[in-house]
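Visitor: What follows is a structure written as structure tokens; I'll ask about it next.
The values are calculated or read from the model by the stated rules, or taken from the named source; none is laboratory data. This is a predicted model, so every value here is computed, not measured. Positions of Cβ are backbone-derived with ideal geometry, glycine not excepted, and every protein chain shown enters the neighbour counts.
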Amino acid sequence: MSAIASPIVQPPVDWRLPNRGKVAMACLIFAESAIFTIFVVAYLFYVGKSLSGPTPREVLETPIFFTICLLSSSLTIHLASRFLERGKRGAFLGLWFLTIVLGGLFMYGTALEWHRLMYEHGLTISTNLFGTTYYSLVGLHAFHVTAGLLMLSIVLPLGLAGRVGREQSVRVDVLSFYWHFVDAVWVVVFTVVYVLGR
Amino acid sequence: MSSDVMAIKTAGASGKPWVETLHEWVTTVDHKRLGILYILFALIFLVIGGIEATIMRIQLMRPHNDFVSPQVFNRMFTMHGTTMIFFVAMPVLFGFANFLVPLMIGARDMAFPRLNAFSFWLTALGGFLLYFSFVGGSGLYGAGNAPDVGWWAYAPLTSRAFSPGHSTDYWTIALLISGFGSIGTSINIIATILCMRCPGMTLGRMPLLAWLNLVMSGMVLLAITPLSAAQLMLMVDRYLGGHFFDTQAGGSATLWMHFFWIFGHPEVYVLIIPCFAFVSEIVPVFSRKPIFGYPVMVGATVCIAFVSLSVWAHHMFTIGMNSYANAFFTITTMAVGVPTGIKIFNWLGTMWGGKLIFKTPMLFCIGFLFQFLIAGLTGIMLSAAPFNWQLSGSYFVVAHFHYVIVGGILFALFAAFYYWYPKITGRMLNESLGKLHFWLFLIGFHMTFDVMHIPGILGMPRRIYTYEPGRGWNTLNLIITIGTFIQGIATSVFAANLIFSYFKGPRAGNDPWDAWTLEWSVSSPPPEYNFASIPTVASRRPLWDRKHPEDPDSRYD
């Protein structure tokens with residue numbers, strides 16, 4: 001924001017405003033949190049209210065390994081953006097790729113779990129209230145992971161082509177905010193579905 | 001050939017083929033053009049929603065009337081409510097925010113111009129889909145066309161069993177899509193206000209309009225999203241056989257009510273806060289005094305935003321909550337009256353001892369003040385749970401919230417139109433037609449909505465298709481309907497004024513009202529880049545400083 005002095009008022013010496021990308025991402029996260037809150041409230045409200053089985057206690061298995069994958073991807077993306085800030089593009093690309101792999105593993109875990117629930121236990125979204133709320137909440141989160149993976153995957157080829165440098169680090173930061181949010185939501189979803197809702 | 005001439009004139013450009021002009025408007029990312037598009041879009045829907053209201057009023061004009069069928073009547077009140085909230089009030093307020101916020105904070109555009117265009121076209125698509133339901137709603141079933149489940153669409157009315165065909169799906173998708181548009185625009189407004197202010201424009205020096213739109217946008221992020229989430233759940237229920245609101249499978253219809261009103265009540269404040277913003281800009285200029293109690297106004301607005309997030313269940317007293325919930329929601333609802341009262345006193349304080357100029361914008365603001373006060377008072381009445389049990393679902397409630405929406409929001413909007421029309425088009429609105437519009441609308445409004453409280457107290461339920469004679473409702477309903485027509489005529493005067501003044505109105509110049517905020521420092525209409533050089537400000541009234549270098553506000557900062 002380059003200021004041109006007006007004849008009357010001298011511009012303030014140090015005029016700095018927040019980065020618009022970061023503010024916008026913070027707003028988006030704020031809005032998304034409200035959406036997730038509603039789904040979480042619905043899930044908790046309907047715990048134990050299904051009129052028929054299967055129940056969470058019977059069929060759910062805690063996905064510890066895939067949770068570790070997703071949570072550690074927060075660390076890798078954080079380190080990736082720190083490396084980019086210092087101009088170490090190789091380390092950035094490696095960690096960025098690792099983040100995508102970890103996120104992909106998590107989605108693979110979700111796919112395995114859903115497949116097991118559907119084909120072994122016959123639980124679909126229309127089976128009972130548990131099915132409806134479980135697939136909606138976990139599915140909404142999985143949708144956000146997928147959207148995040150798509151965005152990360154757009155950056156990767158750009159990075160390989162040498163187009164992502166230090167000057168893009170703020171934008172990469174904005175993307176990593178989103179990824180951290182997706183991870184944080186998983187902590188909530190995990191707690192609600194696999195700990196409180198059993 | 002005449003249509004070519006019209007299109008060119010509408011765009012304010014000459015010598016271009018009309019296709020090019022149209023293309024420019026459709027692909028524009030300029031915040032001023034998008035603001036105008038938002039406003040025109042809303043005005044079209046205002047006419048449609050108004051016609052729907054008139055159809056309802058003709059039907060209720062006398063007992064045992066059969067002007068329309070009961071099915072059509074249900075569609076009319078559903079479409080009227082949905083249209084007026086989502087496709088008139090929201091877009092027109094976003095339109096003004098779009099047009100004014102960058103100009104007022106000394107920016108050249110919004111933070112994300114393309115997101116801005118995308119959000120507008122999402123809203124437009126939502127509006128189109130809602131009305132496409134008249135054509136496509138019956139689907140393969142031949143059952144009903146437009147949505148007829150009421151604007152709050154309570155479960156289980158929206159389940160497949162009671163809403164066959166696609167009408168409810170069009171309603172759901174229209175609101176979901178326009179909701180995403182609203183979220184996009186809100187993010188944009190917040191990012192613009194926080195990140196694009198010109199040098200010296202600290203948060204404490206921002207015009208109140210920018211402050212209040214900042215708060216409004218923050219509320220949209222928290223209020224529209226629960227509705228979006230609830231709409232997603234409804235779609236899961238209707239398309240995937242889910243059971244969120246399916247009482248047969250243990251689901252809860254009450255949960256939908258909570259989710260809807262967690263959106264629904266903050267939404268009222270989302271709509272009224274930008275109107276507070278208009279009044280806070282217009283009243284000082286026509287009182288020739290700076291706004292009274294600027295920091296308190298900001299504080300009260302933030303306070304309203306917080307408290308209004310915890311009042312939603314006052315729409316649900318009659319579902320039978322426990323006494324703790326009733327007491328909680330009664331108290332929080334009454335508490336909202338405190339910061340709102342502070343605002344009313346601040347506007348009065350601004351006018352007190354001022355040199356009042358009764359131009360049309362000021363008249364509408366004064367109308368707003370009185371009517372919003374009365375709307376607030378009936379609101380306090382309805383916030384008391386026992387009183388609410390008696391009158392919930394009656395015409396008293398309809399009268400109350402129309403007092404807020406028409407007497408408050410629409411009056412403030414008309415004020416905004418008269419005040420900023422010169423900036424938007426470069427021409428003044430005709431003052432005589434404006435005064436005629438004001439008085440006609442005032443009379444029509446009071447005939448309709450003052451009287452409407454009485455049949456409510458006498459027990460007339462809302463959404464009723466027709467009624468028996470001999471209950472004492474006949475004359476009252478006739479007066480209400482006559483008032484509606486007077487409002488219709490007044491709105492036609494307004495529309496005629498908008499069109500007539502666009503071509504024949506006197507040139508406005510940069511600053512027709514001798515105002516103090518930055519939008520009046522540029523030409524009318526503003527150039528595409530807004531400011532040739534980015535301004536620098538040192539007080540809340542940068543133009544006052546420029547006009548009075550001997551006694552600038554910045555001296556007292």
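Visitor: Applying the selection to segment B:210-236, what residues are away from chain A (no Cβ under 11 Å) and either at pLDDT below 95 or over 15 Å from B:ASN188 (Cα atoms) (or both)?
Guide: B:LEU234
Visitor: Please specify each residue of segment B:196-209 satisfying the condition of being away from every other protein chain (no Cβ under 13 Å) and crowded, with 24+ Cβ neighbours inside 10 Å.
Guide: B:PRO207, B:LEU209
Visitor: I would also like to ask the following. Can you give me the number of residues within segment B:504-523 that are hydroxyl-bearing (Ser, Thr, Tyr), under 13 Å from B:PRO535 (Cβ atoms) and part of a loop (DSSP other than H, G, I, E, B)? Write out each step before concluding.
Guide: We begin by selecting, within segment B:504-523, every residue hydroxyl-bearing (Ser, Thr, Tyr); these are B:517, B:521, B:523.
Checking which are under 13 Å from B:PRO535 (Cβ atoms) leaves us with B:517, B:521.
Filter again for part of a loop (DSSP other than H, G, I, E, B), leaving B:517.
Count: 1.
Visitor: Going by what's in this entry, would A:PHE143 be described as closer than 16 Å to A:VAL189 by Cβ, within 14 Å of another protein chain (Cβ to nearest Cβ), modelled with pLDDT of 95 or more and in contact with a Pro (Cβ under 7 Å, 6 or more places away or on another chain)? Before the answer, list the steps.
Guide: Details: closer than 16 Å to A:VAL189 by Cβ: yes; within 14 Å of another protein chain (Cβ to nearest Cβ): yes; modelled with pLDDT of 95 or more: yes; in contact with a Pro (Cβ under 7 Å, 6 or more places away or on another chain): no.
Answer is no for this residue.
Visitor: Out of B:THR536, B:THR481, B:THR491, B:THR466, which single residue is crowded, with 18+ Cβ neighbours inside 10 Å and not in a helix (DSSP H, G or I)? Outline the logic, then answer.
Guide: Numbers: B:THR481 fails: not in a helix (DSSP H, G or I); B:THR491 fails: not in a helix (DSSP H, G or I); B:THR466 fails: crowded, with 18+ Cβ neighbours inside 10 Å.
B:THR536 is the lone residue from the list that is crowded, with 18+ Cβ neighbours inside 10 Å and not in a helix (DSSP H, G or I).
Visitor: Do you know which residues across segment B:156-184 are within 18 Å of the chain's Cα centre (by Cα), among the hydroxyl-bearing types (Ser, Thr, Tyr) and either away from chain A (no Cβ under 11 Å) or not in a helix (DSSP H, G or I) (or both)?
Guide: B:SER178
Visitor: Give B:ILE189, B:ILE272, B:ILE262 a once-over and let me know the one that is hydrophobic (A, V, I, L, M, F, W, C), within 14 Å of chain A (Cβ to nearest Cβ), under 17 Å from the mean Cα position of the chain (by Cα) and surrounded by 23 or more Cβ atoms within 10 Å (Cβ to Cβ). Steps first, please.
Guide: Numbers: B:ILE272 fails: within 14 Å of chain A (Cβ to nearest Cβ); B:ILE262 fails: under 17 Å from the mean Cα position of the chain (by Cα).
Just one listed residue meets the conditions, B:ILE189.
Visitor: If you don't mind, there's one more thing I want to ask. Say whether the condition of being at pLDDT below 95 and not hydrophobic (A, V, I, L, M, F, W, C) is met by at least one residue in segment A:39-48.
Guide: Yes: segment A:39-48 contains one or more residues that are at pLDDT below 95 and not hydrophobic (A, V, I, L, M, F, W, C).
Visitor: Just one of the numbered conditions (1) touching a helix residue (DSSP H, G or I) at 6+ places or on another chain (Cβ under 8 Å); (2) more than 19 Å from B:ASN510 (Cα to Cα) is not true of B:ARG114; which one?
Guide: (1) is the only condition that B:ARG114 fails.
Visitor: Right, next: If A:VAL138 satisfies every condition in (1) crowded, with 19+ Cβ neighbours inside 10 Å; (2) more than 16 Å from the chain's Cα centre (by Cα) but one, which is the exception?
Guide: (2)
Visitor: I'd like the full set of residues that are out of contact with any helix residue (DSSP H, G or I) (no Cβ under 8 Å at 6 or more places or on another chain) and β-branched (Val, Ile, Thr), limited to segment A:42-71.
Guide: Of everything in segment A:42-71, those that are out of contact with any helix residue (DSSP H, G or I) (no Cβ under 8 Å at 6 or more places or on another chain) and β-branched (Val, Ile, Thr) turn out to be A:ILE64, A:ILE68.
Visitor: Okay, next question. Considering only residues of segment A:1-25 that are over 22 Å from B:MET110 (Cβ atoms) and more than 8 Å from chain B (Cβ to nearest Cβ), which is modelled with the highest pLDDT?
Guide: Filtering first and then ranking leaves A:ASP14.
Visitor: Just checking, how many residues over segment A:26-48 are at the interface with another protein chain (Cβ under 9 Å from one of its Cβ atoms), assigned to a loop (DSSP other than H, G, I, E, B) and more than 11 Å from B:PHE244 (Cβ to Cβ)?
Guide: 0
Visitor: Looking at segment B:232-242, can you tell me whether even one residue there is assigned to a helix (DSSP H, G or I) and charged (D, E, K, R)?
Guide: First, the residues of segment B:232-242 that are assigned to a helix (DSSP H, G or I): B:232-240.
Imposing the further condition that a residue be charged (D, E, K, R) reduces the set to B:237-238.
Yes, the conditions are met somewhere in segment B:232-242.
For every residue, the table says whether it meets (1) touching a strand residue (DSSP E or B) at 6+ places or on another chain (Cβ under 9 Å); (2) more than 14 Å from every other protein chain (Cβ to nearest Cβ); (3) of a type in the set (Val, Ile, Thr).
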site: A:THR124; (1), (2), (3): no, no, yes
site: A:THR132; (1), (2), (3): no, no, yes
site: A:SER136; (1), (2), (3): no, no, no
site: A:MET151; (1), (2), (3): no, yes, no
site: A:VAL155; (1), (2), (3): no, yes, yes
site: A:ALA161; (1), (2), (3): no, yes, no
site: A:VAL164; (1), (2), (3): no, yes, yes
site: A:SER176; (1), (2), (3): no, yes, no
site: A:VAL195; (1), (2), (3): no, yes, yes
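Visitor: What are the pairs with Cβ atoms under 7 angstrom where one residue, in segment A:131-145, is over 17 Å from B:PHE245 (Cβ atoms) and the other, located anywhere, is outside any helix (DSSP H, G or I)? Sequence gap at least six, or different chains.
Guide: That search, which allows pairs on different chains as well, returns nothing.
Visitor: Exactly one of these conditions fails for B:GLY218: (1) of a type in the set (Gly, Ala, Ser); (2) surrounded by fewer than 24 Cβ atoms within 10 Å (Cβ to Cβ); (3) in a helix (DSSP H, G or I); (4) touching a Phe, Trp or Tyr at 6+ places or on another chain (Cβ under 6 Å). Give me its number.
Guide: Tallying (1) of a type in the set (Gly, Ala, Ser); (2) surrounded by fewer than 24 Cβ atoms within 10 Å (Cβ to Cβ); (3) in a helix (DSSP H, G or I); (4) touching a Phe, Trp or Tyr at 6+ places or on another chain (Cβ under 6 Å), B:GLY218 fails exactly one: (4).
Visitor: Still on this model: Scan segment B:490-535 for residues that are touching a residue at least 60 places away in the same chain (Cβ under 8 Å), over 15 Å from B:PRO102 (Cα atoms) and among the acidic types (Asp, Glu) and jot them down.
Guide: Once the filter is applied, which keeps residues that are touching a residue at least 60 places away in the same chain (Cβ under 8 Å), over 15 Å from B:PRO102 (Cα atoms) and among the acidic types (Asp, Glu), segment B:490-535 yields only B:ASP514.
Residues are listed down the side, and each one gets a yes or a no for (1) in contact with a Phe, Trp or Tyr (Cβ under 7 Å, 6 or more places away or on another chain); (2) more than 30 Å from B:MET206 (Cα to Cα):
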site: B:LEU130; (1), (2): yes, yes
site: B:ALA174; (1), (2): no, yes
site: B:ILE187; (1), (2): no, no
site: B:THR192; (1), (2): no, no
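Visitor: Another one. Identify, please: which residue in segment B:101-115 is of a type in the set (A, V, I, L, M) and not in a helix (DSSP H, G or I) and is, among those, nearest to the other protein chains (Cβ to nearest Cβ)? Steps first, answer last, please.
Guide: Of the residues in segment B:101-115, the ones of a type in the set (A, V, I, L, M) are B:101, B:103-105, B:107, B:110-111, B:115.
Narrowing further to those that are not in a helix (DSSP H, G or I): B:105, B:107, B:110-111.
Details: B:ILE105: 10, B:ALA107: 9, B:MET110: 10, B:ALA111: 4 Å.
The extreme case among them is B:ALA111.
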